[in-house]
Amino acid sequence: MEKTEQKKYHIITYGCQMNLHESEKMAGILSRKGYVATDDKTQADIILFNTCCIRENAENHAFGNIGELKKLKKDKPSLLIAVGGCMTQETGKAQIIRQKFPFVDIIFGNLNLEELGELIDKKSAQKKKIVALREREGEVIEYDPPLRNSYPNAWVNIMYGCNNFCSYCIVPYVRGRERSRKPEHILAECEQLVKEGYREITLLGQNVNSYGSDGSTDMPFYELLEKVAQIEGDFRVRFMTSHPKDFTEELVKVIKNNRKICHLIHLPVQSGNDRVLKEMNRRYTAGEYLNKVKMLRSYLPDAEITSDLIVGFPGETDEEFEDTLTLAKEVNFASAFTFVYSKRTGTKAAQMPNQIPEEVQKQRIMRLVELINALTREKSAKYVGKEVEILCEDYDEKKNVYFGRDEYGRMGYFTAEQNCIGKFVTLKIDRANGVSLYGEAVSMR
Ligand code: 5AD
Ligand code: SF4
């Protein structure tokens, strides 16, 4: 009997957690079509790019990697190459991809991700390339199970899109307006995940605190969060991202009263200067942000805060940049994602005068990174001698260590004889190195 080989897929993802999770949805679609995953591009029958466009370097990165496939496609004409994600949703980008990379077979977007299976069938039946994009967001789609590869954590979308239009940001243009999933769908998914043994659930949305703002549900985010945390089982809950303007006391009370919710809040501030914040259209001042932090810590003294920070926004002066450093110190961030402002065509900030020279941006980002690293290191040192509970995520074969994060996001490493992935492990920390903690496992469950 003739042996039929299983078809293989390889997905390359750029950007945020949202994209990583959407790649899991794509993997789900492909696996239901009989494909299996491969790490080896040369073995793949379909290579899929899930692109990001939030900063220029994410785009350049994807362009470089797509370009590299020209030879592979020439050697193996049956190889299907598909480009999806956020970049294809940008005005005119699909055209550029078509011109630059004529060997790409399918171009689709994040707004019609659910069509992937049909597009593959269609392309297999015709020679002609396919460009299938939806310009505006449609109804919320309830997907068949994604093929998750993030155990013991599971990402769960609670909403899509963004209404905030921060002046630098392209997300609202490529992901459309806010749409929320129904609470019953989210809760059913979470219950199932806990039953399957997932030990951490991360609720995802561009701005989780405006959950339901599209009128699709009356349930506010804090109530949804509480319901997720009340699902029976031994697991923890995270959520991201929170816009500071919508971060409320009700939410903090829910966190305090439900110990499954991690005391780590990702609360992007972007800048510490009021004029810059106004130009960014963030709709809070540095003082208001600091008040939210104070409110949070009054309920949860142990709460840690992480952030996103941008340097070199158009017109940002040296003094205004210093305000960002001052605020970062005052909040005492546990860590932060630091970004150099990237001009995105179509956004309001792209039209602003006084774009900051690259050299100045570089100096500023270096100083900011140095500060954030110092804050993180200082905190790590305080862990030495203490016990910390981490959720073991993975095993590093080369170093022969298991590792995972505590509820505050700090990475702990340890050795063990048995497989610990998916276990809550208590470590006695004997050494801190930069942001990493090392210790001995004293118990696990
Ligand atoms: N340039 C630099 N950083 C950006 N971000 C969003 N748009 C830009 C841009 N044009 C950052 C913000 C946001 C994070 C997801 O990406 O800090 O919170
Ligand atoms: Fe972009 Fe602002 Fe929306 Fe975040 S809140 S996705 S930074 S527009």
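The values are calculated or read from the model by the stated rules, or taken from the named source; none is laboratory data. Note that this is a predicted model, so its numbers are computed, not measured. All Cβ positions, even for glycine, are placed from backbone atoms using ideal geometry, and neighbour counts span all protein chains on display.
General observations
- Search result, residues across the range 379-388 that are surrounded by fewer than 18 Cβ atoms within 10 Å (Cβ to Cβ) and at pLDDT 95 or above: 384, 385, 386, 387
- Exclusive hit being in contact (Cβ under 8 Å) with a residue 12 or more places away in the chain, more than 26 Å from residue 315 (Cβ to Cβ), within 16 Å of ligand 1 (Cβ to nearest atom) and under 22 Å from the mean Cα position of the chain (by Cα), set 280, 240: 240
Results for (1) buried (at least 18 other Cβ atoms within 10 Å of the Cβ); (2) in contact (Cβ under 8 Å) with a residue 12 or more places away in the chain; (3) closer than 14 Å to residue 242 by Cα, shown as yes or no for each residue.
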residue	(1), (2), (3)
160	yes, yes, yes
163	no, yes, yes
170	yes, yes, no
174	yes, yes, no
182	no, yes, no
196	no, no, no
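- Scan of the range 28-52 for residues that are surrounded by fewer than 20 Cβ atoms within 10 Å (Cβ to Cβ) and in a helix (DSSP H, G or I), ordered by number: 28, 31, 32, 41, 42, 43
- Lone qualifier among 341, 383 - being within 30 Å of residue 430 (Cα to Cα) and touching a residue at least 24 places away in the same chain (Cβ under 8 Å): 383
- Of the strands (runs of 3 or more DSSP E) entirely within the range 347-445, those holding at least 3 residues that are closer than 22 Å to residue 336 by Cα occupy 387-396, 401-406, 411-414, 436-444.
- The lone exception for residue 266 - which of (1) free of Cβ contacts under 8 Å to residues at least 40 places away in the same chain; (2) of a type outside the set (D, E, K, R); (3) surrounded by fewer than 21 Cβ atoms within 10 Å (Cβ to Cβ) it fails: (1)
- Set 114, 56, 118: member being touching a helix residue (DSSP H, G or I) at 6+ places or on another chain (Cβ under 9 Å) and acidic (Asp, Glu): 114
- Test for residue 12: is it touching a residue at least 40 places away in the same chain (Cβ under 8 Å), farther than 30 Å from residue 337 by Cα and either in contact with a strand residue (DSSP E or B) (Cβ under 9 Å, 6 or more places away or on another chain) or in a helix (DSSP H, G or I) (or both): no
- Residue match in the range 347-364 (condition: in contact with a Pro (Cβ under 8 Å, 6 or more places away or on another chain) and in contact (Cβ under 8 Å) with a residue 60 or more places away in the chain): yes
- Selection status of residue 31, at pLDDT 95 or above and touching a Ser or Thr at 6+ places or on another chain (Cβ under 6 Å): no
- Within the range 400-433, the set of residues being farther than 30 Å from residue 267 by Cβ and out of contact with any Phe, Trp or Tyr (no Cβ under 8 Å at 6 or more places or on another chain) comprises 400, 417, 418, 428.
- With respect to the conditions (1) closer than 18 Å to residue 302 by Cβ; (2) more than 23 Å from the chain's Cα centre (by Cα); (3) at pLDDT 95 or above, residue 405 falls short on a single one, namely (2).
- Any chance residue 326 is polar (S, T, N, Q), more than 15 Å from ligand 1 (Cβ to nearest atom), closer than 21 Å to residue 275 by Cα and out of contact with any Gly (no Cβ under 8 Å at 6 or more places or on another chain): no
- Residue under evaluation residue 336, criteria (1) closer than 30 Å to residue 93 by Cα; (2) of a type in the set (A, V, I, L, M); (3) surrounded by 20 or more Cβ atoms within 10 Å (Cβ to Cβ), criterion not met: (1)
- When the range 158-177 is limited to residues that are in contact with a strand residue (DSSP E or B) (Cβ under 9 Å, 6 or more places away or on another chain) and within 9 Å of ligand 2 (Cβ to nearest atom), the one that is farthest from residue 220 (Cα to Cα) turns out to be 168.
Results for (1) modelled with pLDDT of 95 or more; (2) within 16 Å of ligand 2 (Cβ to nearest atom); (3) closer than 23 Å to residue 162 by Cα; (4) aromatic (Phe, Trp, Tyr), shown as yes or no for each residue.
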site	(1), (2), (3), (4)
208	yes, yes, yes, no
228	yes, no, yes, no
237	yes, no, yes, no
256	yes, no, no, no
265	yes, yes, yes, no
